[in-house]
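Scroll down for the structure; my scribbles are underneath it.
The values are calculated or read from the model by the stated rules, or taken from the named source; none is laboratory data. All values reported here derive from a predicted model rather than from experimental measurement. Neighbour counts are summed over all protein chains in view; Cβ atoms, including those assigned to glycine, are modelled from backbone coordinates with ideal geometry. Protein only, heavy atoms only, side chains kept; ligands, DNA and RNA dropped before computing areas. Shrake-Rupley method; radii C 1.70, N 1.55, O 1.52, S 1.80 Å.
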Amino acid sequence: MAKGYEIFLLLLQNPGFRATLKQQKSLKIMSSPSNIDPNAVDLISELPESLLLHLLSFLPIEDAVKTQVLSKRWEYLWTHLTSLVFRLLVSDSSDKYVGDFVTFIDRTLFLSSCSKLKKFGVQFAYEPQYASNVDLWTRFATEKKGAEELLLDFLNERNEVEYLLPQHLYTNSSFKALKFSVCTVMPKGVVCWNSLKKLTLGWVNLSEDVIQKILVGSPVLEILELYYFCGFNRLHVSNANVKKLILRNVWDRDEEEEEHRFDEYHSVLEVSAPHLHSLEILGGLCNKFCRLGDISSLVDANLNFCTDIYSHGPDDDYDRYPNMLKEILQSIVHVKKITLGTKYDGSKRIALSTVGLCGPGWLMCLFLAAFFSSILVFFSHKLTELHNFDEKSYWTSNKKPFKCLMLHLQDVKFIGVGSYGFDFHLSFAQFLLKNARVLQKMVIGPKMKSCNWPEEFVRAARKLLSFSRSSPNAVVLF
């Protein structure tokens, strides 16, 4: 039984396996090898092959292959795995490590005996000399094994060397999920991904024509995610099945060519998706001016991005982005749930939640947010530096009624609050407590989970708790 126990201990190191094991009430885990009777039956090895393969699927492929030395029962068991994912850390991207890694994949695929692959993935620092190897891997996984999920992640130090996706990958109806990173996506003919549900593309240069080819050829696509992308200014998603769109970080391929970046000052990123339910725009937009078109079906929006400001740009540079925010907020007035985030990175970066949200600018945000059932707001310590006004006087002197605020707002969260400037936002919180008649919960969250509240924050918190509340059910939590 010792052999089976070794693999069992190895599997126990995997959190996913432990979670699965908890559901198997019939299995009893012994605490130490000292409890093992040498004449006992190897219970692990006696399990059905389907369950053993399920257990092996929790291990990295390198460890799964090593189980062949345990016994004859285990010798070829791993070759029937239906999920093969090979990963090599960028820190191990020396020529020797990469060469050994490629050889290991070649040998593993040669020995693989499963009839069909559910998932095949490769992650390593790709170099052109391995193009023929990757071509063979993708053909093996897709044409011979009918893989449903394909992952090609070729991150390297500068992400300049891209793998050219072979044309046969564009006409495969078996795919249900695809992820390509640092790959050249350039279909010469039609795209035929009739079963594809999720598509993720990263570190990619896409033209609008290629995007439309992909969307037309993916009739049941539900989730589209782009990260570190460039090459287009307009993204129109007309597919009725696409319900979630995630855009993370514009890829600034010319970040060192300041003059070129200034020439592209008026670059726009326009998003239109009439059937979309969930939209996330995250990370850095570089110099993009974000604009939302038809998003009439949207119910959930997460806007947590920042964009560049150029000190040598036009005089209205600092007005351009507050105007962008106002346009965005007007576009999502019908959305039920919105998250406004902040990413601030120095004097030439400006965050969504710091633009036009203080003083009278907050009035628009609040008016629009009153249509939502919840608001999630992130604060940056730069707020007071970017705006010069007396917010406390503004809110305490504001007598204008907010009927929509009174009837709809139920949940408010302030995230990223620190001792610096906390009292600065008290008047806004007081305004909400006074006017939101159906408010259920207001949560004040710290910048860090392990944050120790300083004495001045505790005093401010006590003051906040003393404010009157128009909602009898309102609870304030820290």
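Points to keep in mind about this one:
- Search result, residues across the range 57-83 that are of a type in the set (S, T, N, Q) and either in a helix (DSSP H, G or I) or under 21 Å from ALA141 (Cβ atoms) (or both): SER57, THR67, GLN68, THR79, THR82, SER83
- Qualifying residue in the range 386-403 (condition: at pLDDT 60 or above, in contact with a Ser or Thr (Cβ under 9 Å, 6 or more places away or on another chain) and either among the aliphatic types (A, V, I, L, M) or over 26 Å from TYR321 (Cα atoms) (or both)): no
Residue-by-condition table, conditions (1) out of contact with any Asp or Glu (no Cβ under 7 Å at 6 or more places or on another chain); (2) open to solvent by 10 Å² or more (accessible area, probe 1.4 Å):
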| residue | (1), (2) |
| --- | --- |
| GLU208 | yes, yes |
| LYS213 | yes, yes |
| GLY217 | yes, no |
| TYR228 | yes, yes |
| PHE232 | no, no |
| ASN241 | no, yes |
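- Subset of the range 89-98 [in contact (Cβ under 8 Å) with a residue 60 or more places away in the chain and either touching a Phe, Trp or Tyr at 6+ places or on another chain (Cβ under 6 Å) or not in a helix (DSSP H, G or I) (or both)]: SER93
- The strands (runs of 3 or more DSSP E) located wholly in the range 107-191 that include 1 or more residues which are among the basic types (Lys, Arg) and closer than 26 Å to VAL65 by Cα occupy 119-123, 177-181.
- Filtered by the rule that a residue be touching a helix residue (DSSP H, G or I) at 6+ places or on another chain (Cβ under 8 Å) and open to solvent by 70 Å² or more (accessible area, probe 1.4 Å), the range 186-206 gives MET186, LYS188, VAL190.
- Of the strands (runs of 3 or more DSSP E) that lie entirely inside the range 256-341, those containing 1 or more residues that are at pLDDT 85 or above span 268-272, 278-284, 289-292, 300-308.
- Unique match (being open to solvent by less than 70 Å² (accessible area, probe 1.4 Å) and assigned to a strand (DSSP E or B)) among PHE86, PHE101: PHE86
- Any chance VAL122 is open to solvent by less than 50 Å² (accessible area, probe 1.4 Å), within 28 Å of the chain's Cα centre (by Cα) and closer than 30 Å to SER50 by Cβ: yes
- If you go through the range 104-119 and pick out every residue that is open to solvent by 60 Å² or more (accessible area, probe 1.4 Å) and either modelled with pLDDT under 90 or under 31 Å from the mean Cα position of the chain (by Cα) (or both), you end up with 2.
- Scanning the range 455-478 for residues that are assigned to a loop (DSSP other than H, G, I, E, B) and either modelled with pLDDT under 80 or touching a Gly at 6+ places or on another chain (Cβ under 9 Å) (or both) turns up just one, PHE478.
- Of the residues making up the range 138-147, those that are surrounded by 20 or more Cβ atoms within 10 Å (Cβ to Cβ) and not β-branched (Val, Ile, Thr) number 3.
- Comparison of SER207, SER173 shows that the only residue that is more than 20 Å from VAL268 (Cα to Cα), more than 20 Å from the chain's Cα centre (by Cα) and not aliphatic (A, V, I, L, M) is SER173.
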